[in-house]
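Below is one structure, written out as structure tokens; comments come after it.
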Amino acid sequence: IPGGHVVILTGLLEHADSAEEVAGVLAHEIAHVTRRHSLRNIIKSAGLLVVLQAVLGDTSGLFGLAAEGSRYLLEQKFSRDFEPGADDTGWSYLVEANIDPRGMTRFFEKLKQLMIDSGMDAMENSLSLVNTHPASQERIDRLSRKWEEIPKKSGYASLGAWDKEVAKKTEP
């Protein structure tokens, strides 16, 4: 959200089976912040409007656009093209922090299973070209290939045991 804040919703904590899975999701979201994906989306969305107004001489909408800037930040979905970059950057953050990066992959596997259980997997596959996030299996396969290529396969720091009941009761 604006200012580079990342919000953790209880659904993440309830569905995660390990701290490494939560770390994987957070690393991905922090990567969106550090790679300035929200700002890029705003520029992309507002760019054409600004150019047209400059050419046509109508600047009255520019003030409205500036006033609505935070709304754009909240409503913009990340471009499908940003997701692999956020995955890669988040993966690198995890490896550099000595956290097993497979937690990110395991959480994508969970999301895929949740979609299958809810009957939404067929819809995800049929809409994958227009979806803002690549299909879960596509991401899982991509991250699995990254794991095969990584030289370090063990020795990651343990983030400790994960107690879902404690995670569910955590207050903000």
Practice problem: Could you please tell me which pairs satisfy a Cβ distance under 7 Å, a separation of 6+ or placement on different chains, a first residue in the stretch 23-34 that is farther than 10 Å from residue 94 by Cβ and open to solvent by 40 Å² or more (accessible area, probe 1.4 Å), and a second residue that is modelled with pLDDT of 90 or more and polar (S, T, N, Q)? | Solution: 34/89
Quiz prompt | Neighbours by Cβ (under 6 Å, 6+ apart or cross-chain): first from the stretch 5-16, within 14 Å of residue 163 (Cβ to Cβ); second exposed (fewer than 12 other Cβ atoms within 10 Å of the Cβ) | solution = 14/168
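The values are calculated or read from the model by the stated rules, or taken from the named source; none is laboratory data. Quantities reported herein were computed from a predicted structural model and do not represent experimental measurements. Reconstructed Cβ throughout: ideal geometry from the backbone, glycine too, with neighbour counts over all protein chains shown. These accessible areas exclude ligands, DNA and RNA; they are computed on the full protein's heavy atoms, side chains included. Shrake-Rupley method; radii C 1.70, N 1.55, O 1.52, S 1.80 Å.
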